[in-house]
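J.: One structure follows; several queries about it will come next.
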Amino acid sequence: MDVSLRQQLLALSERNHGLLGRRDVLALGVSPKAWRGLRRRGEWTVVTPRVIRRAGAPMTPSQGALAAVLDVGPGSYVSHGSAAALWGVPGMTVEPIHVMVLRDATETPSALATIHRPTHLPDPFAAVLNGVPVVRPALMVLQLAHDVHPEKLKAMVDRLWSRRLLSGPSLQRELEPVLGRGRAGTTAIRELLERFPDGYVPPASGLESRFAQIVADFDLGRFRRQVDLGDDEAWCGRVDFVGEDWPLVVEVQSELYHASLTDRSADDRRRRRLRAAGFEVIEVWDDEVWHRRAAVVARVNDAIWRLRAAS
């Protein structure tokens with residue numbers, strides 16, 4: 001195998017948590033014979049006949065989940081409780097691994113996962129989280145609704161909502177097309193949605209609580225949490241924090257989850273609507289909130305200075 005091809009394989013494994021899938025390797029021009037040779041080299045460890053792991057690569061939950069997806073084949077996504085664990089739901093574990101396969105996909109039976117074939121899916125239904133194809137939080141909630149106690153289900157949604165991975169309105173919007181009579185979880189989801197009246201605010205996330213503490217510690221002004229904002233024509237969305245003394249919106253973002261779910265153009269349109277409505281909009285990120293408080297303070301103070309200058 002030439003040096004260039006080997007470098008491509010190593011780069012691919014770096015993106016794939018140290019893994020290589022047979023289909024992806026063959027797509028790079030590696031022959032089936034060379035693939036079998038890779039499996040016999042000490043540089044790689046056999047996971048299944050279709051997946052190998054680079055020797056020494058750390059074994060993580062995300063790696064295990066991706067190995068199952070690579071083994072099952074294209075059109076497969078981590079689902080159910082395994083997806084909940086990847087999305088950070090407390091008390092959930094990736095293993096035993098559950099994988100959902102699209103109806104028109106050709107699956108390969110796998111010892112790594114339990115395979116599910118849904119009949120109907122919402123749109124959108126999937127995302128890529130830390131390099132792993134996974135169902136979106138709304139679909140994951142539906143998949144678990146039939147088997148999870150109602151109070152635990154609500155706590156799960158509150159947790160996801162507080163981290164802006166879904167909301168009551170987004171849950172209803174995404175799932176309404178697939179909530180039908182006889183479908184497992186439909187009744188549980190409809191009963192759950194009734195528990196979220198207009199204006200419902202979930203408990204604060206750790207990130208939001210931490211930002212609120214920074215605001216208090218550095219006397220950055222008064223802010224309200226989880227506020228619906230809009231201009232004269234349309235609702236702009238629910239924001240994390242809005243200032244009471246200045247028209248300042250602060251969005252507290254998680255790099256991993258936000259990048260996995262958000263349409264960048266939709267984010268830009270939302271910010272433009274808020275700015276057109278007279279708000280200054282800034283973002284602070286989880287790493288800053290937890291580890292670089294000075295960066296958060298500087299960004300908020302800079303925004304206040306701009307508002308003062310414009311007033």
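J.: Tell me yes or no: at least one residue of region 28-46 is closer than 23 Å to residue 129 by Cβ and touching a residue at least 24 places away in the same chain (Cβ under 8 Å). I'd like the intermediate steps shown before the answer.
T.: Kept after step one, since they are closer than 23 Å to residue 129 by Cβ, are these residues of region 28-46: none.
No, that holds for no residue.
J.: With the requirement that a residue be under 24 Å from residue 126 (Cα atoms) and within 17 Å of the chain's Cα centre (by Cα), what does region 266-311 give you?
T.: 266, 267, 285, 286
J.: Criterion first (surrounded by 13 or more Cβ atoms within 10 Å (Cβ to Cβ), modelled with pLDDT of 90 or more and under 22 Å from residue 205 (Cα atoms)) does residue 306 satisfy it?
T.: Values: surrounded by 13 or more Cβ atoms within 10 Å (Cβ to Cβ): yes; modelled with pLDDT of 90 or more: yes; under 22 Å from residue 205 (Cα atoms): no.
It is false that residue 306 is surrounded by 13 or more Cβ atoms within 10 Å (Cβ to Cβ), modelled with pLDDT of 90 or more and under 22 Å from residue 205 (Cα atoms).
J.: Sticking with this one: Can you tell which of 251, 244 is surrounded by fewer than 18 Cβ atoms within 10 Å (Cβ to Cβ) and within 22 Å of residue 201 (Cα to Cα)?
T.: It is 244.
J.: For region 116-124, does any single residue satisfy the condition of being at pLDDT below 95, within 17 Å of the chain's Cα centre (by Cα) and not charged (D, E, K, R)?
T.: yes
J.: Take the conditions outside any loop (DSSP other than H, G, I, E, B), of a type outside the set (Val, Ile, Thr), touching a helix residue (DSSP H, G or I) at 6+ places or on another chain (Cβ under 7 Å) and at pLDDT below 95 and apply them to residue 165. Does it pass? Before the answer, list the steps.
T.: Details: outside any loop (DSSP other than H, G, I, E, B): no; of a type outside the set (Val, Ile, Thr): yes; touching a helix residue (DSSP H, G or I) at 6+ places or on another chain (Cβ under 7 Å): yes; at pLDDT below 95: yes.
No; evaluated as a whole, the condition is false for this residue.
J.: Let me ask something else. Give region 159-190 a look and list any residue that's acidic (Asp, Glu) and either crowded, with 17+ Cβ neighbours inside 10 Å or outside the structural domain of residue 91 (by TED's automatic domain parsing) (or both), or say none.
T.: 174
J.: Is it true that residue 37 is in a loop (DSSP other than H, G, I, E, B), at pLDDT below 90 and not assigned by TED's automatic domain parsing to the domain that holds residue 158?
T.: No: the conditions fail for residue 37.
J.: How many of the residues in region 114-162 are among the basic types (Lys, Arg) and in a loop (DSSP other than H, G, I, E, B)?
T.: 2
J.: Also, quick follow-up: Go through region 17-34 and count every residue that is in contact with a strand residue (DSSP E or B) (Cβ under 7 Å, 6 or more places away or on another chain) and in a loop (DSSP other than H, G, I, E, B).
T.: Within region 17-34, residues that are in contact with a strand residue (DSSP E or B) (Cβ under 7 Å, 6 or more places away or on another chain) and in a loop (DSSP other than H, G, I, E, B) number 1.
J.: Still on this structure, I have one more. Does residue 89 qualify as being farther than 18 Å from residue 191 by Cβ and touching a helix residue (DSSP H, G or I) at 6+ places or on another chain (Cβ under 7 Å)?
T.: yes
J.: Restrict the check to region 60-68 and report whether at least one residue is more than 20 Å from residue 20 (Cβ to Cβ), assigned by TED's automatic domain parsing to the domain that holds residue 158 and either part of a strand (DSSP E or B) or of a type outside the set (Ser, Thr, Tyr) (or both).
T.: Among the residues of region 60-68, not one is more than 20 Å from residue 20 (Cβ to Cβ), assigned by TED's automatic domain parsing to the domain that holds residue 158 and either part of a strand (DSSP E or B) or of a type outside the set (Ser, Thr, Tyr) (or both), which makes the answer no.
J.: What residue, among those in region 1-33 that are of a type in the set (A, V, I, L, M) and surrounded by fewer than 14 Cβ atoms within 10 Å (Cβ to Cβ), is nearest to the chain's Cα centre (by Cα)?
T.: Taking the candidates together, the pick is 11.
J.: Of the residues 256, 274, only one is part of a helix (DSSP H, G or I) and either without any contact (Cβ under 8 Å) to a residue 60 or more places away in the chain or in contact with a His (Cβ under 8 Å, 6 or more places away or on another chain) (or both); which?
T.: 274
J.: Could I ask something else about it? Give just the number: which of (1) outside any helix (DSSP H, G or I); (2) of a type in the set (A, V, I, L, M, F, W, C); (3) modelled with pLDDT of 90 or more does residue 215 not satisfy?
T.: Looking at each condition in turn, residue 215 falls short on (1).
The values are calculated or read from the model by the stated rules, or taken from the named source; none is laboratory data. Keep in mind that what you see is a predicted model, and the values were worked out from it rather than measured. So basically every Cβ, Gly included, is an ideal-geometry build from the backbone, and we count neighbours across all protein chains shown.
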